[in-house]
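S.K.: My questions all concern the structure below.
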Amino acid sequence: MAEPGGGRPVTVSDVQQLVRRKDEIEAQIKACYELLEGQKGVGMHEPLVDAEGFPRADIDVYQVRTARHNIICLQNDHKALMKQVEEALHKLHAREKEKHARDEAEAMAEAMRQNQSLAQAFAKVNAVTPGSPASVSGLQVDDEIVEFGSVNANNFQNLQNIATVVQHSEGRPLSVTVIRGGRRVHVGLTPKRWAGKGLLGCNIIPLQR
């Protein structure tokens, strides 16, 4: 268990352990009450002496006194343990809340990074012929191209850059990264001869920035 102001953080396992201890104490208290009930139902406050002030002969006075003492001690333990459970749950929930806030912040930072990377697209697919190498690879109309082999936003000048990469990569898979629906998608595109024109079977246009 973590101590306030130091120690390791409270875990779910710690709370479960406290709850098990609480259940054990409750079982012990119940057993003590059952013992009292078995002693003519004396309970916690019935007198243990007869009318003349002598110890009652119809019950085991020692057992009753021991059970009563144990009940008081166990109830105090139970009260302290319930406070520990409450504090542990509070710490656990506080940490979960912090983690959730941290996760949200990280997700937002990642989204911002994604948005920054989305701005690096330099060309767009505006047509894909069914059955073509581009179609088979999974390339889709409106995909915005971020990387096409060695071509990216930093070195792209015109469509001839892409044409050159395609010609030099005939029969070999090209790594193509596109933005589709706001997400980066990686496509393995292999330029090759097919029934139609060219080696790709798609039309690419430069993006006006």
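The values are calculated or read from the model by the stated rules, or taken from the named source; none is laboratory data. On a predicted model such as this, the values are computed, not experimentally measured, just so you know. Virtual Cβ from ideal backbone geometry, glycine too; neighbours counted across all protein chains shown. Each accessible area value is taken on the protein alone, full model and side chains, heavy atoms only, with ligands, DNA and RNA left out. Shrake-Rupley method; radii C 1.70, N 1.55, O 1.52, S 1.80 Å.
S.K.: Per the 1.4 Å probe, what fraction of the accessible area of segment 25-85, in percent, lies on carbon and sulfur atoms?
M.R.: Answer for segment 25-85: carbon and sulfur cover 56 percent of the accessible area.
S.K.: Still on this model: Find the accessible area per residue for the chain; the probe is 1.4 Å, ligands and nucleic acids are left out, and the unit is Å².
M.R.: For the chain, the solvent-accessible area averages 66 Å² per residue.
S.K.: For helix 12-38, what angle does its Cα long axis make with the longest principal axis of the chain, in degrees from 0 to 90 and rounded to 10?
M.R.: Helix 12-38 and the main axis of the chain meet at about 20 degrees.
S.K.: Let me ask something else. At a 1.4 Å probe, what is the % contribution of carbon and sulfur to the accessible area of segment 102-190?
M.R.: The value for segment 102-190 is 49 percent carbon and sulfur by accessible area.
S.K.: Dividing the convex hull volume of the Cα atoms of segment 91-194 by its residue count, what figure in Å³ per residue is obtained?
M.R.: It comes to 124 Å³ per residue, whole-number rounded.
S.K.: If I model a spin label at ARG21 and ASP77 as a point 7 Å from the Cα along the Cα→Cβ vector, what separation in nanometres do I get?
M.R.: Calculated label separation equals 1.0 nm.
S.K.: Okay, next question. Could you work out the relative contact order of the chain, using alpha carbon pairs under 8 angstrom and six or more residues apart, expressed as a whole percent?
M.R.: Computed over the chain, the figure is 17 percent.
S.K.: Where the Cα atoms of segment 137-209 are projected onto their three principal axes, how long is each span, largest first, in whole Å?
M.R.: Its Cα atoms span 32, 24, 18 Å along the three principal axes.
S.K.: Only one of the listed values, [x] 231; [y] 175; [z] 222, was derived from the coordinates as volume of the Cα convex hull per residue in Å³; which label is it?
M.R.: Given [x] 231; [y] 175; [z] 222, the calculated one carries the label [z].
S.K.: So, one more: With everything on Cα atoms, drop me the angle between helix 159-168 and the longest principal axis of the chain, reported from 0 to 90° to the nearest 10.
M.R.: 90
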